[in-house]
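The values are calculated or read from the model by the stated rules, or taken from the named source; none is laboratory data. Everything quoted here is computed from the prediction, not taken from an experiment. Every residue, glycine among them, receives a Cβ derived from its backbone with ideal geometry; neighbour counts consider all protein chains shown. Side chains included, ligands, DNA and RNA excluded: accessible areas come from the protein's heavy atoms. Shrake-Rupley method; radii C 1.70, N 1.55, O 1.52, S 1.80 Å.
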Amino acid sequence: MTKPILDVKNMNKDFQVKSRTALFRKPAPVRVLNDISFELFEGETLSIVGESGCGKTTLGRCIVRGMDPSSGSVTYHTEDGQKIDFLKLKGKQSKVFRKNIQMIFQDPYSSLSPRMSVFDIISEPLIANFKLSKTEIEEKVTAIAEKSGLNVNYLRRYPHAFSGGQRQRIAIARALIMQPRLIVCDEAVSALDVSIQAQIINLLKDLQEQFQITYIFISHDLSIVQNISDRVAVMHLGRIVELASTENLFGQPKHPYTEALMSAVPQPDPEMKKSRIILEGEVPNPANPPSGCHFHPRCAYKTDKCVQQVPELRKVDDNHFAACHYAEQLNLRGVNNESANHI
């Protein structure tokens with residue numbers, strides 16, 4: 001295992017939500033991130049998956065300081081071994097280290113300013129952080145545009161002249177121009193056609209190998225996650241319920257929620273028939289979460305213990321963590337496995 005680059009500890013995020021029924025009632029806090037902890041290792045791709053509203057994007061934005069968490073810490077490990085509390089950086093110190101962690105957003109149409117040329121979009125971070133001559137800026141922008149698969153003859157054009165895939169390449173170039181060590185990809189290919197998705201995924205892989213970049217890849221598409229990830233964290237209602245290597249998670253999940261997600265992954269072999277697990281009931285409301293395990297109202301394996309006690313994320317196998325009381329007893333089916341045992 002390589003050395004860590006990021007250490008997230010006990011991160012919580014609350015939003016204040018006004019009551020729709022009581023006009024003068026004070027806003028009540030709704031917890032959208034609940035005690036999130038994980039280590040990220042240098043050069044790996046850690047994917048974060050889960051249903052819409054589980055807190056994936058909020059987690060990514062808290063890590064890059066797009067928003068401030070309510071509590072917790074994000075420790076950034078520098079190349080020379082320093083440990084920096086990333087959330088407490090201010091002023092000049094913040095400017096020094098924040099360029100090492102960049103983000104690629106979901107929508108390539110709204111994340112680029114329509115009033116700026118592609119050259120200006122890519123060069124803006126350089127101008128804001130470094131004192132470079134026009135020649136140096138032009139050389140760096142041209143070089144990174146070529147590596148991102150852009151035609152350098154079109155750099156003076158505006159975003160509206162480009163397709164969705166080309167716009168996402170512009171967003172990648174903008175993130176890459178700072179030579180970051182870590183990039184958070186927030187649903188970076190979900191708005192693109194399937195054929196374009198494959199091109200962008202291959203580009204991200206090539207750039208990772210060339211520049212030794214670490215990725216946090218946020219997605220709801222498990223087929224893409226299986227292709228790009230080294231490890232996967234599964235989130236449900238603001239909590240990480242399972243964390244393991246891609247091979248272990250897709251082959252033998254340890255949490256019933258992960259099993260349900262795996263059943264939805266399409267098979268490349270059309271002759272292979274697989275029954276999908278349909279979760280009954282409604283997705284729990286974060287403002288009024290269920291007691292005990294938050295997944296128990298929709299879980300086929302629940303017992304009274306699940307209703308009463310909140311399971312902790314714990315190690316159940318080599319580098320395999322799960323927040324389920326019965327992770328060791330259950331034999332859950334993975335992507336290519338149809339067998340499963342009830343308690």
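Could you give the length gained by full extension between E209 and N288, i.e. 0.36 nm per residue of separation minus their alpha carbon distance, to one decimal place?
24.0 nm
Can you give me the Cα centroid spacing of region 276-336 and region 100-137 in angstrom?
Each part's Cα centre sits 43 Å from the other's.
Karplus couplings for region 310-325 from phi (6.51 cos²θ - 1.76 cosθ + 1.60, θ = phi - 60°), rounded to Hz, Gly and Pro as x?
Karplus-based 3J(HN,Hα) across region 310-325 equals 7, x, 8, 6, 9, 6, 10, 7, 4, 6, 10, 10, 8, 9, 9, 4 Hz.
Can you give me the Rg/Rh ratio for region 185-244, using Cα atoms for both radii and the Kirkwood formula for Rh?
Computed over Cα atoms, the ratio is 0.98.
For region 139-155, in order, what is each residue's ³J(HN,Hα) by Karplus, 6.51 cos²θ - 1.76 cosθ + 1.60 with θ = phi - 60°, in whole Hz (x at glycine and Pro)?
Result, ordered by residue: 5, 5, 5, 4, 5, 6, 5, 5, 5, 8, x, 9, 7, 5, 6, 9, 5 Hz.
Please report, as a whole percent, how much of the solvent-accessible surface of the chain comes from carbon and sulfur atoms (probe radius 1.4 Å).
In the chain, the share of accessible area belonging to carbon and sulfur is 47 percent.
On full extension of the chain, what length is gained from T135 through Q309, given 0.36 nm per residue of separation minus the C-alpha to C-alpha distance?
Value of the extension gain: 56.4 nm.
What is the helix-to-structure angle for 118-129, meaning the angle in degrees between its Cα long axis and the longest Cα principal axis of the chain, kept from 0 to 90 and rounded to the nearest 10?
The two axes meet at around 90 degrees.
In debye, nearest 20: dipole of region 106-222 around its Cα centre with unit charges on the Cβ of K, R (+) and D, E (-)?
It comes to approximately 340 debye.
At a 10 angstrom cut-off on C-beta neighbours, averaged per residue, how do the peptides 164-173, 28-37, 112-121 rank from highest to lowest?
Per-residue mean Cβ counts within 10 Å order the peptides as 164-173, 28-37, 112-121.
Specify the residue with the greatest mean-square fluctuation among S275, S245, S73, computed from a Gaussian network of the chain linking alpha-carbon atoms under 10 Å apart.
Of S275, S245, S73, the most mobile in the Gaussian network model is S275.
Over the chain, what is the percentage of antiparallel beta bridges among all DSSP beta bridges, to the nearest 5?
65
Need one word for region 135-217: rounded, prolate or oblate. Basis is the Cα gyration tensor (sqrt eigenvalues a ≥ b ≥ c); a/c below 1.5 gives rounded, then a/b vs b/c decides.
oblate
Can you tell me the dipole magnitude for the chain around its Cα centre, using point charges on the Cβ only (Lys, Arg +1; Asp, Glu -1), in Debye to the nearest 20?
1460
Suppose all protein chains stay in the model; what accessible area per residue would a 1.4 Å probe give for region 193-246, in Å²?
Accessible area per residue, region 193-246: 37 Å².
Find how much the distance from N331 to E124 grows on full extension, using 0.36 nm per residue of separation minus their present alpha carbon separation; answer in nm with one decimal.
69.3 nm
What number, in percent, do you get for the relative contact order of region 120-277 if the mean sequence gap of Cα pairs under 8 Å and at least 6 apart is divided by its residue count?
15
Which net charge results for the neighbourhood of Y301, defined as the other residues with beta-carbon distances under 12 angstrom from its beta-carbon, given Lys and Arg at +1 and Asp and Glu at -1?
Neighbourhood net charge equals +3.
If I take every Cα pair under 8 Å that is 6 or more residues apart in the chain, average their sequence separation and divide by the length, what percent do I get for the relative contact order?
Over the chain, the number comes to 18 percent.
How large is the helix-only mean residue ellipticity at 222 nm for the chain, computed as the sum of -39500 (n - 2.57) over DSSP H runs with n ≥ 4, divided by its residue count, in deg cm²/dmol to the nearest 500?
It lands at -8500 deg cm²/dmol.
Hey, what's the per residue convex hull volume over the C-alpha atoms of the chain, in cubic angstrom?
Dividing the Cα hull volume of the chain by its residue count gives 166 Å³.
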